[in-house]
Structures are given as structure tokens and as C-alpha cells.
Amino acid sequence: MIKRFVVGTFEEEKVLFPAVKNVRRAGYKIHDVYTPYPVHHLDKALGLRETSLHTMGFIYGLTGTLIALGGMGWIFAVDWPLNIGGKPHFPLPAYIPITFELTVLLSAVGMTLTYCWLNQMMPGVKKHHFSPRATDDAFVMVIELMEKSNEDEIKAFLRDNGAIDINTQVAEEGWWFGRYDQEQKLYRTEEPVIES
Amino acid sequence: MSLLRYESELREPLVDGAKSYHQVTEDIISPIESKPSRLWWIGFSTAIALLIFGVYSVYREVDLGIGQWNLTRTVGWGWDITNFVWWIGIGHAGTLISAILLLFRQTWRTGVNRAAEAMTIFAVMCAGQFPVFHMGRVWMGFFVFPYPNSRGPLWPNFNSALLWDVFAVSTYFTVSLLFWYTGLLPDLATVRDRARTKFRKMFYGLASFGWTGSTKHWQRQESLALVLAGLATPLVLSVHTIVSFDFATSVIPGWHTTIFPPYFVAGAIFSGFAMVQSLLIITRKVLHLEDYITIGHIEAMNKVIVLTGSIVGCAYLSELFVSWYSGNMYEWWAFRENRANIFSPYGWAYYGMMFCNVVSPQLFWSRRLRRNVTFTFFMVVLVNVGMWFERFVIIVTSIYRDYLPSSWTIYYSPSIWEIGFYLGTFGLFFTLYFLFAKFFPVIAVAEIKHVLKTSGESFKAEMETIERKESAQFYTEDVAAGHH
């Protein structure tokens, strides 16, 4: 799906934050803000919900624990009970190291894959980069143009709020394993609480 | 809303010089974009030469058998396992810096974490070679993994500390790699967006996974980094604990010790920081990164070295005391005759270890010496030598004299191919490190930019003027309110 965006660049955090607030108050739809480093509280200012990646990490970890205990228990107590120096067939203390390692392994690998999946990142993915400065030294705000949006009005609004290098770009949203432009529901539906 | 975290003016700036964000990018990325220096080529080709010698040594061992090494029936573990423990110990500093210091909110880690994590990964790769090739029939190596096989199925013994090690080391390698690489993605995207040549555009385009810097992605990135740090913290402690179990769960005098897990972990961090120091002191000099890896960073790492060195020293002494106090004659013999007796065949190794690990790092209590780069470099080399002696002492002096004097090995010394294997891992390590320093940002650019606002030199100066103004304002308000 081809969309049009107004792109404005900000050079300072202290200019960016009021601008985000004003743009959202004015009712424009911020597509995203691209920053060279993690700007804390920007996600809150944009009204993004908390990520649930860590919950997934917990679930993957639990899977690892169960696989390890279940696997070792089945192998040593059911499939091939082996008498090793008269030790029990399910010696829990001896199973702790491997259980722990598999918990950590599955949690870390699972989370990283989920992270790449959610961010739609993998080698060879082509994405539209609105400004090369976004990975260098500037904060790039991208506002999506709707059918009824007034492009010039938005541009003037951004300029008033301290943006530089304001321009319009046309971009096709990338595909991700055949999932065409399935809009991520990142924005909360209720009225956003903006920190002051 | 205060976005800025207050930081005491007594703290040294983490980034020297008045840098802008672009300047940070420029300083750290530009070495990647220029041709490698002469020094780089000399270092790289030396590393390759060592690697080739190592590959040949390993080839002989695989082709002709483990008899190429001077191991005997008594000394079954010699240089190979010593080197394994040594390398894996070195690997611990990277995760400590990146994970534990992240949880402790130590912002100075940002200058050194990237290189330290890379060092971890390369060190673990080197470490892994030793147990694998010690198997002898290395092509049967996959037998260690529990998979349904046609031999029964015959499963590995889950009660064995050696099998725990397989899981621990491979998990450690995987998690360190993921942690390092997910942190690298934004910086690789920075290189990609600056790229001029076709090769660089393609290579960094692939390597950066299409990173854009979206706010949502950063949010997930921070969540991922935090949870991975939380996972890596117990992991790093578990790995060397499990390595120490290789010894501690046996009944060999000198190995059968409950103090081993914490003692090994402290020693690992000790030697790891020493290796990070030696690499970073060279890197900052060659790549002109003195503004990012400051004397303050070196001092902070030296403090960790003196702390962990003292812990290790206490462990040595309590181990010695307990071997006598236990009343076990075999235990006491192993310590009194095989180690602490300076005239015994390996007395030199024990006292070398004591000197390098316990005595000499105490000089770091002096602030002047901690902040002296040349002295630090000399010292950390000494620490790494000392930590190698430690592993050698633990392994060889415990087993070269068996219970029956008839099965004593008079003196174990390595064959040229054992030494070659060790040198070869140095070759592997430095080959990888040189490639890393050439093609990847050696400092976490995004993280430096993140702390620049709170801890950069220019910011600190600005903060001071704000504070002064504010206190002056308070004063006038106070006067106005009639308090004076």
C-alpha cells in the first residue's frame, strides 16, 4: 500500500518533546519517530503501549525448564533407566545445571527471534528510510497523510514547532512473509495521557 | 518533566571533549571507512600466522592421535584443559560488563561493553576448541548431545559435570552472541546509512537487518537488552561454577573442594578484566578513542581487578588452610608437597601464581598507579600469566602424583603440538578481534549518545552553570521571602 508522509527533522530532544505533544493534540497521526538512540519517555509521549516482549521471554524460559526436566526425566527414568553407582533415576540436584541452562537458552533465543519478528527485521529486508540522519544525530518525525489531511498545513505546523528539513515522501509499506501492510496496533485507543 | 538525570559533578565525564552526536558517530565509525593501517596489517598477519600453526598442530593431533600431546596415564588433563579454563575465564568479563553492570546502572560500561562482549565471544570460541579436540576422535563429538540415536538409543549421562559443561558453554556462547549482536544492530545501521561504497552498502545493509531507529523498536530493544542482561547475569555465574564442578565433583585431592565455584567465578572476572584492559589499551591508542575510553574507564576496571584479585587471594589462602584443617592426609599432601613446597617440581608455578594474582595487583590500591596506562598494561599481562598458572597449578599439581608413587609422573611438560594448539587459539582470537576492530564499531555508538546528555564533558559544564544559577535564584527568592 502506497502512503504519503510528511517528514520533519528535529535536532534536539527538548524541541522534539513539545512538538510530539502539540502534533498529537492537533490530531495528526504520527507514523513514527526515528531516533539515533533510545530516547526515554518518547514511547509514552507517543502513546505507545508497553512491549510484552518480556512476557514472551518468561513463557519461552518456562518451556525450556519443562523440556529439560521432562526430557531428562523421561530419558533416565523411563526410556533407558541406567544404574550409575546406585544413584536415583531422577536426581533433581544433578539436573539443576542443565535445567537452568536450557531455561536461559530458550528464553534468550525465543525472545530474540520474537524481537526480530515483531520489528520485521532480518537480513535482506528492504525498508524505507526517511532520513539518513535518523541513525546519526537527528530525531525524525514522520506524519502520515490521510485523505483529508492538508499537507501544507502540517508542514507549517511542523515548522512552527521547530522542525527543519521538512519534506513529503511517498513510501510503500514493506511486506513481511506475505503479510501486506497489516497495521500494527501500537496506539492506545483511549485518550493518551501526556506527561507535562 | 525532567529528562535529565542528575549526576554529581565529582564524577568524571564519561566522554571527554565537547562532542555533538554527529561527532560521536564520526569518531567511532570513521576508522571502519578508512583503509587499515600498517600496524593493523602487521598484527593481522601475525595472528593469521599463529592460526595456521595452530591449525597444523590440531591437524597432527586429529590425524595421528592424542599421543601427539605429552599427556600420560596420570596427567590426563594437561595444557589443553588448562587453556580451556583460562580462555573461558577470560570470556567472563564481557558479560559481566554488559549484563551485570547494566543491571547495576553503571553507565561507564557504555565505553567498553562492545569490545568486551566481542572479546567474550572470541574467547569462548577459543575455549571450546580444547575439550572438543581433547576428545581425540573429534568426528564423534556430536555424541555428547542427547538425540535419539541408533545406539540403543544410548543417552549421555546427565549426572556428569562434563555434560553440564557442554550445555553451559554452548548456552553461554549463544546468549552472548545474541546479546552482542542485537546491541550491534543500531550501530551497523549507522554505518549503513553513511556508506559510500557498494560493498559497504550491501554488507552493512544485510548485517543491520533493516534497522530504522523506530521508537517502538527502541522500546523493544531496551526491553530485550534488560531481560537478556537479567538472564546473562546468573548465566555468567553458572558457567564458571559448572566449569569448577568439572573438578569439584571429583574425588581427587586438590580438586574436591566446595570453595571452587565462587573462587573460579572471581578468578574468571579477574582474568577477564585483565584481558579487556590489555585489548582496550591498544585499541584506544590505535583507533584514537581516548575520548571514549578514558583514564576513568581504565581506573574503574582496575578497581574490579584489585577487588577480584583480593577475593582470589583469600580463596587461595583458605583453600590452603582447609587442606590442613580437614585432617585429610591426601589433601594436605597435595597442598604441602605438590604445591606449596617451592622445591617440588611445580613449586615455581604455585609461587608464580601467588605473586601475579595476589601480591602484584595490590599495587592497584594506589590511585596514581591505577591511572597509569603503561603500568596498567604491564600489570594486566602479569595477571593473565598468573591466571594461567592458577589453572595449571590446579590441574597438573593435583594429578601428576597419583596415590601410588609407582604411578607418579616425574615431570609433565607439553609437546610442541600442545603449545602450537595454544598459540593457534591466540591466532584465532586475534584474527577475529582484528576483523572486528576493522569492520564493526568497537564502541556502542547509540549507547554513548544516550549517556552523552548526562555524562558528556560539555553537558556537565552546562549542568554546573544551571545549578549555580538555580541556587542563586533560590537565594534571591529566599531574600524576597524575608528569610535573611
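What is the pair-distance distribution P(r) of chain A, computed from all Cα-Cα distances in 5 Å bins starting at 0, with each bin given as a whole percent?
The distribution over chain A is 1, 6, 12, 13, 14, 12, 8, 6, 5, 5, 5, 4, 3, 2, 1, 0, 0, given as percents.
With a Förster radius of 45 Å, plug the Cβ-Cβ distance of B:Ile410 and B:Arg368 into 1/(1 + (r/R0)^6) and report the FRET value to the nearest 0.05. Show your work: numbers first, answer last.
Values: r = 47 Å, r/R0 = 1.04.
Rounded to the nearest 0.05, the efficiency is 0.45.
I'd like the distance between the alpha-carbon centres of segment B:112-133 and segment A:132-160, rounded to an integer number of Å.
That distance is 45 Å.
Assigning unit charges at the beta carbon (Lys, Arg +1; Asp, Glu -1) and nothing else, what dipole magnitude in debye, to the nearest 20, does the protein assembly as shown show about its Cα centre?
Approximately 980 debye in magnitude.
Just counting partner chain Cβ atoms within 10 Å, what average do the residues of peptide A:127-139 show around their Cβ? Working shown, then result.
Numbers: counts 6, 2, 7, 2, 2, 6, 5, 7, 16, 13, 9, 2, 2.
For peptide A:127-139, the averaged partner shielding equals 6.
Determine, for B:Ile29, B:Ile90, the number of other Cβ atoms within 10 Å of each Cβ, and report the residues in order from fewest to most.
Arranged by neighbour count, lowest to highest, B:Ile29, B:Ile90 become B:Ile29, B:Ile90.
For every helix of n ≥ 4 consecutive DSSP H residues, a contribution of -39,500 (n - 2.57) applies; sum these over the protein assembly as shown, divide by its total residues, and give [θ] at 222 nm rounded to the nearest 500 deg cm²/dmol.
-20000 deg cm²/dmol
Dipole of chain B (Lys/Arg Cβ +1, Asp/Glu Cβ -1, origin at the Cα centre): which of B:Ile282, B:Gly210, B:Met379 lies farthest to the positive side?
Checked the options; the winner is B:Gly210.
Rule-of-thumb check for chain B: C-alpha Rg over 2.2 N^0.38 Å?
1.09
At 7 Å along Cα-to-Cβ for each site, give me the label-to-label distance between B:Tyr181 and A:Ala156 in nm.
Going from the B:Tyr181 label point to the A:Ala156 one covers 5.1 nm.
Points 7 angstrom from Cα along the Cβ direction at A:Arg25 and B:Thr72: gap in nanometres?
8.5
Helix B:198-207 against the longest principal axis of chain B: what's the angle in degrees, Cα atoms only, rounded to the nearest 10?
The two axes meet at around 70 degrees.
Where the centre of each part is set by its Cα atoms, how far does segment A:90-105 sit from segment A:1-36, in angstrom?
Cα centroid to Cα centroid, the span is 48 Å.
Report the FRET efficiency, 1/(1 + (r/R0)^6), for B:His288 and B:Val132, where r is their Cβ-Cβ distance and R0 is 51 Å, rounded to 0.05.
So, using R0 = 51 Å, E works out to roughly 0.85.
Among B:49-56, B:264-271, B:73-80, how do they line up from the highest to the lowest mean number of other beta-carbon atoms within 10 Å?
Per-residue Cβ counts within 10 Å, averaged per peptide and sorted highest first, yield B:264-271, B:73-80, B:49-56.
Can you return the lysines within cross-link range of A:Lys14? Criterion is Cα-Cα under 22 Å, with same-chain partners fewer than 8 residues away left out.
Output for A:Lys14: A:Lys29, A:Lys44, A:Lys155, B:Lys19, B:Lys216, B:Lys449, B:Lys453, B:Lys460, B:Lys469.
Return the loop-located chymotrypsin sites (Phe, Trp or Tyr not before Pro) in segment B:382-448 (DSSP other than H, G, I, E, B) with at most 12 other Cβ atoms within 10 Å of their own Cβ; answer none if there are none.
On the way: sites: B:Trp388, B:Phe389, B:Phe392, B:Tyr400, B:Tyr403, B:Trp408, B:Tyr411, B:Tyr412, B:Trp417, B:Phe421, B:Tyr422, B:Phe426, B:Phe429, B:Phe430, B:Tyr433, B:Phe434, B:Phe436, B:Phe439; in loops: B:Tyr400, B:Tyr403, B:Trp408, B:Tyr411, B:Tyr412.
Here the chymotrypsin sites (Phe, Trp or Tyr not before Pro) that fit, given the DSSP loop and packing criteria, are B:Tyr403, B:Tyr411.
Taking the beta-carbon count within 10 Å as an exposure proxy, list B:Trp108, B:Trp164 from fewest neighbours to most.
Numbers: B:Trp108 21, B:Trp164 26.
Neighbour counts put them in this order, fewest first: B:Trp108, B:Trp164.
Based on Cα coordinates alone, diagonalise the gyration tensor for segment B:238-307, multiply each eigenvalue by 5, take square roots, and list the semi-axes in whole Å, largest first.
Equivalent ellipsoid of segment B:238-307: 35, 11, 8 Å, largest first.
Only Cα pairs under 8 Å and at least 6 apart count here; give the relative contact order of chain B as a rounded whole percent. It would help to have the intermediate numbers written out before the result.
Working: 629 pairs, mean separation 157.2, N = 484.
Computed over chain B, the figure is 32 percent.
Tell me the net charge near B:Thr374. Cut-off is 15 Å between Cβ atoms, B:Thr374 excluded, with +1 for each Lys or Arg and -1 for each Asp or Glu.
+3
Under a crude label model (7 Å from the Cα following the beta-carbon direction), how far is B:Lys198 from B:Trp40 in nanometres?
2.2
Distances longer than 44 Å among the Cα atoms of the protein assembly as shown: what percent of all pairs is that?
Numbers: 71617 of 230860 pairs.
Taking all Cα-Cα pairs of the protein assembly as shown, the fraction more than 44 Å apart is 31 percent.
Provide a whole-number value for the mean count of partner chain Cβ atoms within 10 Å of the Cβ atoms in peptide B:441-452.
Counting other chains' Cβ atoms within 10 Å and averaging over B:441-452 gives 2.
Within a 10 angstrom radius of the beta carbon, how do A:Asp43, B:Asp187 rank from fewest other beta carbons to most? Working shown, then result.
Details: A:Asp43 21, B:Asp187 27.
Going from least to most buried by this count: A:Asp43, B:Asp187.
Enter the mean projected area of the convex hull around the alpha-carbon atoms of segment A:53-118, in nm², rounded to one decimal.
About 4.7 nm², averaged over all directions.
Taking trypsin sites (Lys or Arg not before Pro) as candidate sites, keep only those in a DSSP loop with at most 10 other Cβ atoms within 10 Å, then name the longest stretch of chain A containing none of them. Can you show the working numbers first?
Details: sites that count: A:Lys126, A:Lys148, A:Lys185.
Looking at chain A, A:1-125 is the longest stretch - no exposed trypsin sites (Lys or Arg not before Pro) with at most 10 other Cβ atoms within 10 Å.
On a straight-distance basis, which lysines could pair with B:Lys438 in a cross-link, Cα separation under 18 angstrom, same-chain partners fewer than 8 positions away excluded?
Hits, sequence-local ones excluded: B:Lys35, B:Lys198, B:Lys201, B:Lys285.
To the nearest whole number, what is the average tally of beta carbon atoms from other chains within 10 Å of the beta carbons of peptide B:156-166?
Average per residue, whole number: 4.
HN-Hα J couplings of segment B:156-170 from phi, Karplus 6.51/-1.76/1.60, θ = phi - 60°, integer Hz, Gly and Pro as x?
Residue by residue, segment B:156-170 yields x, 8, 6, 8, 8, 4, 5, 6, 4, 4, 4, 5, 5, 5, 6 Hz.
For chain A, modelled as a Gaussian network with Cα springs under 10 Å, which listed residue fluctuates most, A:Ile154, A:Ile84, A:Ile96?
Among A:Ile154, A:Ile84, A:Ile96, the largest GNM mean-square fluctuation belongs to A:Ile84.
Coordinate-derived values only; no laboratory data. These numbers were taken from a predicted model, which means no experiment stands behind them. Here Cβ is always computed from backbone atoms with ideal geometry, including for glycine, and neighbour counts include all displayed protein chains.
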